[in-house]
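The values are calculated or read from the model by the stated rules, or taken from the named source; none is laboratory data. Please read these numbers as outputs of a predicted model, since none were measured by experiment. Here the Cβ is made from the backbone with ideal geometry for all residues, glycine too, and neighbour counts use every protein chain on show.
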Amino acid sequence: MILPPAMLGMLGGGQLGRYFVIAAHELGYKVTVLDPDANSPAGRIADVHLCSAYDDAAALASMAETCAAITTEFENVPAATLDFLAQTRTVRPSASAVAIAQHRVLEKQFVRDAGLPVAPFAVINTAQDLPADDSGLYPAILKVARFGYDGKGQARVADAAAAAAAFEQFGMQTCVLENMLSLDAEVSVVLARDADGHIVTFPVVENSHLNGILDVSIAPARISDVLKAKAQALATQLAQKLAYEGVLAVEFFISEGKLLVNEMAPRPHNSGHYTIDACVTNQFEQQVRALTGLPLGDARQHSAAVMVNILGDIWQDGEPAWSKATAHTALKLHLYGKHEARPGRKMGHFTTLAADRDSAHNQALIARSELG
Ligand code: ADP
Ligand code: MG
């Protein structure tokens with residue numbers, strides 16, 4: 001067990017890393033953040049900010065020397081970085097789990113081979129791999145295998161000709177072509193698994209997206225208890241098959257009443273932000289606990305909660321007027337301190353809390369319309 005005031009290492013300096021730093025600080029740990037951006041949200045509040053590339057040998061050597069254990073806030077860390085650090089330090093999650101989560105082909109195949117349900121898909125390495133119009137896969141979504149996020153690197157295609165054009169537009173990099181499903185809902189499960197295999201699951205969250213970016217998360221989800229239990233069981237199975245150590249997020253589609261695994265993230269997740277204000281232990285404290293070997297915290301939700309993302313789009317005319325959002329006394333405003341607001345960039349979020357989900361949802365919709 002690694003106890004405070006040990007130094008912990010965080011690969012990545014975005015908002016997820018920032019909340020890890022906050023949770024670690026609350027428990028009395030120190031944190032070193034590695035991120036090449038001098039103004040990164042996590043780097044700015046870390047005890048030490050190594051402002052270097054993720055494969056910088058000197059920075060990695062310094063991290064290995066000074067940090068008792070190391071984790072990540074994003075899946076695109078080079079595998080070699082995790083392998084190097086793991087030679088001498090505890091690294092959670094493992095390089096092999098991250099390698100699967102960062103590659104859509106490996107991820108889909110892993111989930112399918114683990115016996116979990118996924119949307120029908122084909123792996124596209126060359127144009128010859130594109131299925132014919134009568135394959136049953138169209139209409140479909142073509143997704144690049146690497147570095148896609150927030151709907152980026154995705155194209156909706158009606159037929160083989162459109163798929164070929166999109167594949168060419170993506171520079172013919174390896175892709176997954178996935179049948180476009182009609183969705184009843186999307187939900188996600190965040191869980192933590194410790195080194196002894198204990199798993200603690202957060203409540204199931206219901207997510208809606210706008211332009212491919214998470215927009216609103218409602219907790220608890222408006223689905224049956226049977227489906228909730230099933231989603232938690234599937235996420236648990238996945239964590240076990242991966243021999244996962246750390247916080248894992250699993251996104252699901254619900255289509256024709258059935259759950260399908262969409263994708264996973266080897267870290268806390270935007271849809272788990274409600275846990276900051278609504279759960280006994282939040283997903284970032286859980287990440288600290290799983291990393292250091294402290295017992296996993298109680299994940300019980302004590303308030304119904306609705307989280308709304310705040311994107312850079314509303315900075316068009318300068319800093320938004322926060323007076324309305326801050327006037328709501330059961331609304332928790334979170335701004336990440338990013339210097340530059342760009343359309344689609346996650347600048348912050350807010351969470352409304354209430355005794356019941358529908359009140360929390362109504363308040364969230366009111367607060368969001370006030371923001372513009
Ligand atoms: P990322 O979150 O990495 O951008 P996802 O694969 O989760 O990529 O896709 C983003 C969103 O696009 C999903 O949350 C969902 O709303 C929609 N989407 C993705 N794949 C499908 C599909 N096969 N059928 C229907 N909608 C999809
Ligand atoms: Mg997604």
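Computed values, structure above
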| quantity | calculated |
| --- | --- |
| Subset of the stretch 225-266 [away from ligand 2 (no atom under 13 Å from the Cβ) and either acidic (Asp, Glu) or within 30 Å of residue 330 (Cα to Cα) (or both)] | 225, 227, 228, 229, 231, 232, 245, 247, 248, 256 |
| Qualifying residues in the stretch 205-224 (those that are away from ligand 1 (no atom under 15 Å from the Cβ) and part of a loop (DSSP other than H, G, I, E, B)) - the one nearest to residue 353 (Cα to Cα) | 220 |
| Per-region count, the stretch 176-215, residues more than 16 Å from residue 249 (Cα to Cα) and surrounded by 20 or more Cβ atoms within 10 Å (Cβ to Cβ) | 3 |
| Residue check, residue 227 more than 19 Å from residue 307 (Cα to Cα) and more than 16 Å from ligand 1 (Cβ to nearest atom) | yes |
| One residue from 238, 227 being outside the structural domain of residue 76 (by TED's automatic domain parsing), at pLDDT 95 or above, more than 25 Å from residue 351 (Cβ to Cβ) and in a helix (DSSP H, G or I) | 238 |
| Some residue of the stretch 310-318 being touching a strand residue (DSSP E or B) at 6+ places or on another chain (Cβ under 9 Å), of a type in the set (Val, Ile, Thr), crowded, with 19+ Cβ neighbours inside 10 Å and within 30 Å of residue 199 (Cα to Cα) | no |
| Residues satisfying the stated conditions in the stretch 266-301, i.e. within 16 Å of ligand 1 (Cβ to nearest atom), of a type outside the set (Lys, Arg) and buried (at least 24 other Cβ atoms within 10 Å of the Cβ) | 266, 268, 269, 271, 272, 273 |
| Selection count where residues are touching a strand residue (DSSP E or B) at 6+ places or on another chain (Cβ under 8 Å) and either in the same structural domain as residue 340 (by TED's automatic domain parsing) or among the β-branched types (Val, Ile, Thr) (or both), scope the stretch 31-75 | 8 |
| Count of the stretch 67-87 residues which are assigned to a helix (DSSP H, G or I) and either surrounded by fewer than 19 Cβ atoms within 10 Å (Cβ to Cβ) or within 22 Å of the chain's Cα centre (by Cα) (or both) | 6 |
| Enumeration of residues in the stretch 162-185 that are under 19 Å from residue 127 (Cβ atoms), under 22 Å from the mean Cα position of the chain (by Cα) and of a type in the set (Asp, Glu) | 178 |
| Qualifying residue in the stretch 344-365 (condition: at pLDDT 95 or above, buried (at least 17 other Cβ atoms within 10 Å of the Cβ) and among the charged types (D, E, K, R)) | yes |
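Residues checked against (1) buried (at least 23 other Cβ atoms within 10 Å of the Cβ); (2) on the phi > 0 side of the Ramachandran plot; (3) in contact with a helix residue (DSSP H, G or I) (Cβ under 6 Å, 6 or more places away or on another chain):
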residue: 4; (1), (2), (3): no, no, no
residue: 7; (1), (2), (3): no, no, yes
residue: 17; (1), (2), (3): yes, no, no
residue: 21; (1), (2), (3): yes, no, yes
residue: 28; (1), (2), (3): no, yes, no
residue: 36; (1), (2), (3): no, no, no
residue: 40; (1), (2), (3): yes, no, no
